[in-house]
Each structure stands twice: as structure tokens, then as C-alpha cells.
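Let me begin by presenting the structure, written as C-alpha cells, before commenting on it.
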Amino acid sequence: MKVVDHPDFFDSLRTVTPAYPLRVLMSGCMMGQPCGVDGTDYGFGNALASLRQLPTVRVTGFCPEAHSLGTPRTWPDIHGGDGHDVLHGRARVLDEKGADLTAPMIEGAHAMVAQARAMDAELCLLMDMSAACGTQVISLGCRFDPDRQYQQGSGVAAAALSEAGFWVMSQRDFKSLDALMSLLDEKHKPTAGLLDHHEHPWTVGHFGGQDQAP
Ligand code: SF4
């Protein structure tokens with residue numbers, strides 16, 4: 001379930017305290033884990049640092065691709081649909097050499113769901129554009145194609161988390177992140193005019209409107 005599709009998510013969140021922090025599952029690379037395809041964190045290790053350091057949140061990192069494919073590895077991208085389609089046999093995951101990574105990507109997605117269940121995650125904060133963790137925009141086909149195509153949709157792990165009933169949100173959903181910070185930190189000053197990723201001019205320009213992916 002995407003937070004951006006359900007603005008009442010924030011009204012339904014319980015009161016969080018340092019003794020009873022919000023349980024957040026996060027893409028491992030956003031916590032500095034060297035789990036990217038090239039064995040780095042892609043430089044995202046400081047992502048959402050102000051949120052992660054709050055005493056009212058407990059963050060656990062996980063990388064679904066590193067879990068099943070290891071690191072380093074080739075680049076997976078979804079062909080013929082998004083992560084939901086992969087889970088239901090309607091699309092495949094291929095790397096840039098054409099090797100089929102569908103099975104390990106599904107395995108990694110299920111492992112991330114198992115992690116979410118083990119920690120009873122209340123929110124999953126995920127790296128957008130990833131064929132595993134994307135929640136708003138991902139590649140349609142190989143990212144190295146000269147005329148790279150994009151789609152509004154979820155990666156395989158994000159889709160599995162969503163179908164398992166977990167809340168998912170992109171690190172580019174700035175309006176929702178600001179609302180979350182207001183709940184987690186009483187000193188946080190809300191910022192007016194922030195946009196979630198599907199509202200961003202780039203996204204609207206590419207997809208012709210603010211419709212969100214299913
Ligand atoms: S699969 Fe997710 S956690 Fe792993 S490197 Fe890609 S975006 Fe980060």
C-alpha cells in the first residue's frame with residue numbers, strides 16, 4: 001500500500017515515543033550498506049539521516065537484491081510490466097546482458113517481506129527507480145538503452161511488500177516525508193509547497209498527469 005495513495009495514513013499512525021519508536025524498514029543502501037550492484041551504497045548512505053537519528057524511530061536496513069544475487073552483481077530491470085506483474089508471472093527481470101534474474105528477484109522480494117514481518121514494520125522507506133525497491137517510477141526495460149523508457153510502477157520487492165499489506169514510501173516523496181517528520185519530531189517545522197514524486201514536474205511531464213501507478 002502506497003502512503004501517497006492514502007493521505008489518511010498519517011492520521012492513523014499511533015503515537016510514537018522513544019520507548020515505543022516507529023518501526024521502519026529501509027532500503028539498505030539508504031543506510032550506507034555497501035549493497036549496490038557495484039558494492040557501494042551509491043552515495044545514498046546519508047539519505048534521510050535527520051529522520052534516522054530521531055529517538056522516535058527504529059530503522060532496519062535490508063537489500064533484497066544483495067540477499068539473493070550478492071554484491072557486486074549485474075543491473076536488473078523489469079521488462080513487460082512492473083513488480084506486481086513480475087510477481088504474477090506477467091513480466092520478467094533481465095540484466096543488461098539479457099540474463100534472466102526473475103527468480104532471484106522474487107526470492108529477494110519474499111525475503112524482504114519476511115524481514116518486514118519479523119520486525120512488524122509499520123512503514124517501508126524505499127529507494128525509488130530501483131527494479132526491486134522503486135515505488136513510484138522505475139525503468140521499463142533496460143536502463144542502459146539509448147532511449148531509456150520509464151514507467152510509473154513498483155519494483156519487485158516494493159510490490160511484494162505492498163501486496164503483503166505493508167506501507168511503502170519513496171525517498172522522493174518529499175511532502176509525505178515532511179508529514180512523517182512532523183509526527184516523529186515535535187521540533188520539526190513543516191515546509192510548505194513540497195511535492196511527492198508523482199507530483200514532481202519531471203514525473204508529470206513524462207507521464208502526462210499526476211495519476212499514480214496501480
Ligand atoms: S535493491 Fe534496494 S536496497 Fe538494494 S541497492 Fe537497490 S535500492 Fe538499495
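The values are calculated or read from the model by the stated rules, or taken from the named source; none is laboratory data. Keep in mind it's a predicted model, so treat the numbers as computed, not measured. All Cβ positions, even for glycine, are placed from backbone atoms using ideal geometry, and neighbour counts span all protein chains on display. Accessible surface areas use protein heavy atoms only, side chains included; no ligands, DNA or RNA. Shrake-Rupley method; radii C 1.70, N 1.55, O 1.52, S 1.80 Å.
Mind listing the long-range amide H neighbours of residue 45? Cut-off is under 5 Å, sequence gap 5 or more, other chains count too, H placed in the peptide plane at 1.01 Å from N.
32
What does DSSP give for the chain in terms of the percent of beta bridges that are antiparallel, rounded to the nearest 5?
If I count the DSSP bridges inside the chain, around 35 percent turn out antiparallel.
What translational D, rounded to a whole number of µm²/s, comes out for the chain from Stokes-Einstein when the hydrodynamic radius is the Kirkwood one over Cα pairs, at 4 °C and 1.567 mPa s?
Value of D from the Cα-based Kirkwood radius: 75 µm²/s.
Just to be sure I follow the definition: excluding the sites themselves, where is the longest run in the chain that has none of the trypsin sites (Lys or Arg not before Pro) in a DSSP loop with at most 16 other Cβ atoms within 10 Å?
Longest site-free region, per DSSP loop and neighbour criteria: 15-89.
If I take the Cα coordinates of segment 44-149 and project them onto the principal axes, what are the three extents in Å, biggest first?
44, 27, 25
Considering only protein heavy atoms and a probe of 1.4 Å, how much of the accessible area of segment 1-90 is carbon and sulfur, as a whole percent?
That share works out to 54 percent.
Between segment 139-214 and segment 6-77, what is the C-alpha centre distance in whole Å?
What the calculation gives is 15 Å, centre to centre.
If amide H atoms are built 1.01 Å from N in the plane of the peptide, which residues on other chains or at least 5 residues away come under 5 Å of the amide H of residue 170?
The answer is 126.
Stokes-Einstein diffusion coefficient for segment 1-91 at 20 °C in a medium of 1.002 mPa s, Rh from the Kirkwood formula over Cα pairs: what value in µm²/s?
139
What does DSSP give for segment 2-129 in terms of the percent of beta bridges that are antiparallel, rounded to the nearest 5?
Bridges in segment 2-129 are about 35 percent antiparallel.
With n ≥ 4 as the cut-off for DSSP H runs, can you work out [θ] at 222 nm for the chain, using -39500 (n - 2.57) per run divided by the number of residues, rounded to the nearest 500?
-8000 deg cm²/dmol
Taking just the alpha-carbon atoms of segment 104-198, what radius of gyration and Dmax come out, in angstrom?
14.9, 47
Can you tell me the accessible area per residue over the chain, all protein chains present, probe 1.4 angstrom, in square angstrom?
Using a 1.4 Å probe on heavy atoms only, each residue of the chain averages 45 Å².
Collect residues whose amide H, placed 1.01 Å from N in the peptide plane, falls under 5 Å from the amide H of residue 129; neighbours closer than 5 in sequence don't count.
Amide H to amide H, under 5 Å and 5 or more residues apart or across chains, residue 129 pairs with 134, 135, 136, 137.
Explain nothing, just compute: Karplus ³J(HN,Hα) = 6.51 cos²θ - 1.76 cosθ + 1.60, θ = phi - 60°, for every residue of segment 94-101 in order, whole Hz, x for Gly and Pro.
Karplus-based 3J(HN,Hα) across segment 94-101 equals 10, 8, 5, 9, x, 5, 7, 10 Hz.
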